[in-house]
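Structure record follows, encoded as structure tokens.
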Amino acid sequence: MTAPTNKQRKPRILVTGAAGALAQQVIRRLRETCNLVAVDAREQVSLGGDIPSYCIDFNQRTFEGLFRQYSFDGVIHLGRIRSSQLTRMRRYNANVLGTQKLLDLSQKYGIRRVVVLSTFHVYGAMAYNPALINESAPLKSAGLSADLIDSVELENLASIYLWRYPDLNISILRPCNIVGPGVRNTMGKLLANQRAPVLAGFSPMMQFIHIDDMADAIALAYKKPVRGIFNVAPDDWVAYQRALKLCGCTRIPVPSIPPTLSRLILRTLRLRSFPAYLMGFFKYPVVIDGRAFAKEFGFTPKRSLKEIFRFYQHNKKPL
């Protein structure tokens, strides 16, 4: 009788952006089946004794030491810094140069699977966007806002490595608005407010994906090494002003032009303002086609719009 074989070794995965709510949800889904190492450039987070956690700038030499120490099998890169978090130069260094360093080290140390989180904002918000934007559409944000240049460059950089180094098996995910418990992005904060601004005369169609569903999507993407770029979004959408109403928000109309006037009014009313670089997304629809990802990875969101809006209706204090 043959001796029983040893259990297959768990893959060791580097997860960046570990301080974010989404990364922590992804870690929760993978910690039983994978050996995880968490990194964040902003702060060190405690994830329990079984998950080493580090606060390291990707551009520091010590970052490469983690690749030597742990011999990673894969990387899940969720550490994109939002435009509201750092100055433009520091954000560029973190998002673009930091991502380049991460991908260089991944190629150098033989990583076999990389998942990169991007954003639907790279498409840009314009009056003549198609009804459904697929992955082959041009990335127009860089020409519309200097604050989104680093997001587009991060994507372009990841795309270069995707085709230049096929062994990395890179998947780039472009999700729609991620919302839900713990999410502190612009949309999450607006939906959580008692009063929320709208641009007078505009109510663009929008898509929302619950943080739990997005974490499921990332975990699914990692487990199936399919190279490519994928939108991640449900197959339903709703007008922005309708979403606010369903979340129990009082809508405050403000003029869209000139932009400085709308920001002045919002400051006077002590309301959360639209970031200038996202103003177009509250005027024009940016509805993305998520069917390719759903088909390739067998993904179906579990949380409905009704459930998402009910959460915000009952949680009106800032998250």
For this session: Show the residues, 5+ positions off or on another chain, whose built amide H is closer than 5 Å to the amide H of Leu36.
Result: Ile13
Seminar exercise, completed: In terms of the alpha carbon gyration tensor, root eigenvalues a ≥ b ≥ c, rounded if a/c is under 1.5 and otherwise prolate when a/b exceeds b/c or oblate, the stretch 209-254 is prolate
For this session: Provide the per-residue ³J(HN,Hα) series for the stretch 27-39, in order, calculated from phi with Karplus coefficients 6.51, -1.76, 1.60 and θ = phi - 60°, each as a whole number of Hz, with x at glycine and proline positions.
Result: 4, 4, 6, 9, 5, 6, 9, 9, 8, 10, 10, 9, 9
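Defining a contact as two alpha carbons under 8 Å apart and six or more residues distant in sequence, what relative contact order in percent does the chain show?
Over the chain, the number comes to 19 percent.
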Seminar exercise, completed: Residues meeting the amide H criterion for Val45 (H placed from the backbone, H to H distance under 5 Å, 5 or more places apart or on another chain) are Tyr54
For this session: Leaving ligands, DNA and RNA out of it, rank Leu148, Leu220 by accessible area with a 1.4 Å probe, largest first.
Result: Leu220, Leu148
Problem set entry | Angle in degrees between helix 259-268 and the longest Cα principal axis of the chain, rounded to the nearest 10 | 90 degrees
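From the Cα gyration tensor of the stretch 112-263, with a ≥ b ≥ c the square roots of its eigenvalues, which class applies: rounded if a/c is under 1.5, or else prolate if a/b is larger than b/c, or else oblate? Provide the component values of the computation, followed by the final result.
Details: a/c = 2.40, a/b = 1.63, b/c = 1.47.
In terms of gyration-tensor shape, prolate.
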Exercise. By what distance, in whole Å, do the Cα atoms of the chain stretch along each of the three principal axes, largest value first?
Worked result: 74, 42, 37
Problem set entry | Which listed pairs, of Lys189/Lys306; Lys101/Lys302; Lys10/Lys108; Lys108/Lys224; Lys101/Lys189, have C-alpha distances above 25 Å, in listed order | Lys101/Lys302; Lys101/Lys189
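The values are calculated or read from the model by the stated rules, or taken from the named source; none is laboratory data. In this text, all values refer to a predicted model and were calculated from it rather than measured experimentally. Surface accessibility is based on the protein's heavy atoms, side chains included, excluding ligands, DNA and RNA. Shrake-Rupley method; radii C 1.70, N 1.55, O 1.52, S 1.80 Å.
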